[in-house]
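Report on the structure given below.
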Amino acid sequence: MKVLRRRLMQAAIALPLGIGERAAPRAVGYLPWWMADGTSAMPLARLERIVLFDAPVAADGGLDSREWLKRGAALAGQAPLEIALTLLKEGEFERVFGPSSSRDRLYDGCSHLLEQPFVAGVHLDFEAYEDMAPAAIAGFRAWLARLAASAAAAGKVISAFLPASDAFRAFDVASARHIGWWVAQLYDAHWAESPTTGPLVTRSEANPVAIPRTRARLAALGVPRERVSLSVPLYGWQWMCDSERPGARTRGKGRLLTFAETPSELMPNDRLAASVLAARHGLRRDRERTPYYAHRDGTLWVQGWYEDMESLTQKLAPERAAGYAGLAFFPLGYDKGEIVEALMRWWRAATS
C-alpha cells in the first residue's frame, strides 16, 4: 500500500476517556468473508469483538448488505459483531462524500445494518492516499456526526481503522470523538508492491507506517490510548529480489503468505505458508527480530517476510506497557491459532 512520506512529529500522549467514549476491546479479529464458513476452526469465543470484512461501498453510496446480513446472522452469539465498510481505491472517498445524494444513500444503508439485532456496530475502513477535496472532508464529517447520533440512540457503536498516512485528513479532533474505538494500522511497512524487501511492522521512524508515527497520528486527534487496538498481521509477503540481504530491490509484486498452513477448502489458491517455508529454507531475523527466509532462484533471490511471536512481542512491548487497549488481528484464519491466542495471553499478562 502506497503511503506518503511526510513526517508527523507530535509526541504520543495518553488522554482520559471523555463522556460517551468507551475503551477499545482487548481482542479484535477481522474475519474475511471468504473464510466466514470456517469459523469452527477459529478461536472466536476468546475474542471480544469480530469485524466481518469487508463490505465495499459503491461510488453512489450504495451498500448491498444482503450477503453481510446473512453471514453476520450465522455468527450471532459468538462475539459482538461489526460490519466493516470499505473505501480503498483512489478517488472513492470524494465520489461518496462529495455529493449529498451519495452520503444520504450510505447513511440509509448503515442505518439498516444498525437496525439488525446481531450487529453491534459499523466499522469504517476508509482509506485515501491522495489530497482530498475540502468539500468531501466536510461532507464526511457531517455524515459521521449524523450516523454516530443514530448509532448511539440504538446502543450501537461506530469504530474506525486509521490508515498510516499523513495524507488521510478526514478526521479532526471534533469528528474523532464520534468514533467509539479505533484500530491503528501498524502493518504495510512493506507491502505487495514494495520496492524493497523488509518487515510488515517496524518501529523505525524512517518508515511512514512506523509504530511511533502511527501513535502520533492518533495523539494529534486527541484519541486516548484506551480507545486504540493495534493491528497485528497474520500474513506476509514473498518477493523475487536482487539479493539475500534485507532491503533488497524487489522484482515484481509480492505473493501473499499466510503464517501457517490453511485448510484448502477455505483458501484453495493461497497456499504459501511462511512458517513452513522458513523451516524449509532457514529462518533468519533482522535487527528487529523480524523472521524471514531467503533462497536463490536462478539468477535472482526469493525472500519471504512475516511476523511471529518473537518479533511482535519485541515490537509491541512499549505499547503494551503504555496502556493501549489491545490487539486487532488481520485476518483471522491465517495463523491456525498459533499467534492470536499466544499473543493475547502475553498482552493480558501485563494488565491482569
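The values are calculated or read from the model by the stated rules, or taken from the named source; none is laboratory data. Not measured: the values here are computed from a predicted model. All Cβ positions, even for glycine, are placed from backbone atoms using ideal geometry, and neighbour counts span all protein chains on display.
Within region 48-69, is there a residue that is of a type outside the set (A, V, I, L, M, F, W, C), under 29 Å from residue 139 (Cα atoms), assigned to a helix (DSSP H, G or I) and modelled with pLDDT under 85?
Yes, region 48-69 contains a residue that is of a type outside the set (A, V, I, L, M, F, W, C), under 29 Å from residue 139 (Cα atoms), assigned to a helix (DSSP H, G or I) and modelled with pLDDT under 85.
For residues that are over 22 Å from the mean Cα position of the chain (by Cα) and of a type in the set (D, E, K, R), scanning just region 110-152, find the one that is nearest to residue 99 (Cα to Cα).
Out of the qualifying residues, it is 146.
Before we move on, is residue 289 farther than 30 Å from residue 226 by Cα, outside the structural domain of residue 159 (by TED's automatic domain parsing) and touching a residue at least 12 places away in the same chain (Cβ under 8 Å)?
Numbers: farther than 30 Å from residue 226 by Cα: no; outside the structural domain of residue 159 (by TED's automatic domain parsing): yes; touching a residue at least 12 places away in the same chain (Cβ under 8 Å): yes.
No, not satisfied.
Could you please find all residues in region 307-343 being touching a strand residue (DSSP E or B) at 6+ places or on another chain (Cβ under 6 Å) and either surrounded by fewer than 21 Cβ atoms within 10 Å (Cβ to Cβ) or more than 19 Å from residue 233 (Cβ to Cβ) (or both)?
Hit for region 307-343 is 331, nothing else.
Checking residue 147 against (1) within 30 Å of residue 238 (Cα to Cα); (2) in a helix (DSSP H, G or I); (3) of a type outside the set (Asp, Glu), only one condition comes out false. Which one?
The failed condition is (1).
Can you say whether residue 233 is under 21 Å from residue 29 (Cβ atoms), surrounded by fewer than 21 Cβ atoms within 10 Å (Cβ to Cβ) and either out of contact with any Cys (no Cβ under 6 Å at 6 or more places or on another chain) or at pLDDT 95 or above (or both), as far as the supplied structure shows?
Details: under 21 Å from residue 29 (Cβ atoms): yes; surrounded by fewer than 21 Cβ atoms within 10 Å (Cβ to Cβ): no; either out of contact with any Cys (no Cβ under 6 Å at 6 or more places or on another chain) or at pLDDT 95 or above (or both): yes.
Criteria not met by residue 233.
Quick one: residue 247 ticks every box in (1) at positive phi; (2) assigned to a strand (DSSP E or B) except a single one, so which number is it?
(2)
Residues to consider are 312, 277; find the one that is outside the structural domain of residue 252 (by TED's automatic domain parsing) and either of a type in the set (A, V, I, L, M) or in contact with a Phe, Trp or Tyr (Cβ under 8 Å, 6 or more places away or on another chain) (or both).
Values: 277 fails: outside the structural domain of residue 252 (by TED's automatic domain parsing).
Only one candidate qualifies: 312.
With the structure loaded, tell me whether residue 170 is in contact (Cβ under 8 Å) with a residue 60 or more places away in the chain and not charged (D, E, K, R) or whether it fails that test.
Values: in contact (Cβ under 8 Å) with a residue 60 or more places away in the chain: yes; not charged (D, E, K, R): yes.
Taking the combined requirement at face value, the residue satisfies it.
Out of 121, 139, 155, which single residue is closer than 23 Å to residue 28 by Cβ, touching a Lys or Arg at 6+ places or on another chain (Cβ under 9 Å) and not hydrophobic (A, V, I, L, M, F, W, C)? Can you show your working first?
Numbers: 139 fails: closer than 23 Å to residue 28 by Cβ; 155 fails: touching a Lys or Arg at 6+ places or on another chain (Cβ under 9 Å).
Answer to the selection: 121.
With (1) buried (at least 19 other Cβ atoms within 10 Å of the Cβ); (2) small (Gly, Ala, Ser); (3) without any contact (Cβ under 8 Å) to a residue 60 or more places away in the chain as the list, and residue 206 as the residue in question, which single condition is left unmet?
Unmet condition: (1).
Can we say residue 96 is farther than 30 Å from residue 189 by Cβ and buried (at least 22 other Cβ atoms within 10 Å of the Cβ)?
No, not satisfied.
Please verify whether residue 142 is in a helix (DSSP H, G or I), at pLDDT 95 or above and more than 12 Å from residue 122 (Cβ to Cβ), treating the condition exactly as stated.
It is true that residue 142 is in a helix (DSSP H, G or I), at pLDDT 95 or above and more than 12 Å from residue 122 (Cβ to Cβ).
Would you please list the contacts, defined by Cβ atoms under 6 Å and residues six or more apart or on different chains, that run from a residue in region 148-162 that is farther than 19 Å from residue 228 by Cα to a residue that is among the hydroxyl-bearing types (Ser, Thr, Tyr) and surrounded by fewer than 22 Cβ atoms within 10 Å (Cβ to Cβ)?
The qualifying pairs are 150/111.
Output the number of the condition that residue 261 fails; it satisfies all remaining conditions of (1) surrounded by fewer than 23 Cβ atoms within 10 Å (Cβ to Cβ); (2) in the same structural domain as residue 335 (by TED's automatic domain parsing).
Going through the list (1) surrounded by fewer than 23 Cβ atoms within 10 Å (Cβ to Cβ); (2) in the same structural domain as residue 335 (by TED's automatic domain parsing), residue 261 breaks only (2).
Conditions: (1) in contact with a Lys or Arg (Cβ under 6 Å, 6 or more places away or on another chain); (2) closer than 29 Å to residue 212 by Cβ. Residue 128 meets all but one. Number of the miss?
Of (1) in contact with a Lys or Arg (Cβ under 6 Å, 6 or more places away or on another chain); (2) closer than 29 Å to residue 212 by Cβ, only one is false for residue 128: (1).
Scan region 253-278 for residues that are in a loop (DSSP other than H, G, I, E, B) and under 24 Å from the mean Cα position of the chain (by Cα) and report the count. So that I can check it myself, show each step before the final result.
Filtering region 253-278 down to residues in a loop (DSSP other than H, G, I, E, B) leaves 253-254, 259-272.
From what is left, the residues that are under 24 Å from the mean Cα position of the chain (by Cα) are 253-254, 259-263, 266-272.
Number satisfying all stated conditions: 14.
Residues in region 170-177: is at least one surrounded by 21 or more Cβ atoms within 10 Å (Cβ to Cβ), of a type in the set (Phe, Trp, Tyr) and assigned to a loop (DSSP other than H, G, I, E, B)? Walk me through how you get there before you give the answer.
Let us first name the residues in region 170-177 that are surrounded by 21 or more Cβ atoms within 10 Å (Cβ to Cβ), namely 170-171.
In the following step, the residues that additionally are of a type in the set (Phe, Trp, Tyr) were identified as 171.
Filter once more, keeping what is assigned to a loop (DSSP other than H, G, I, E, B): 171.
Yes, that holds for at least one residue.
Looking at region 298-306, is at least one residue surrounded by fewer than 16 Cβ atoms within 10 Å (Cβ to Cβ), out of contact with any Leu (no Cβ under 7 Å at 6 or more places or on another chain) and either modelled with pLDDT under 95 or not hydrophobic (A, V, I, L, M, F, W, C) (or both)?
yes
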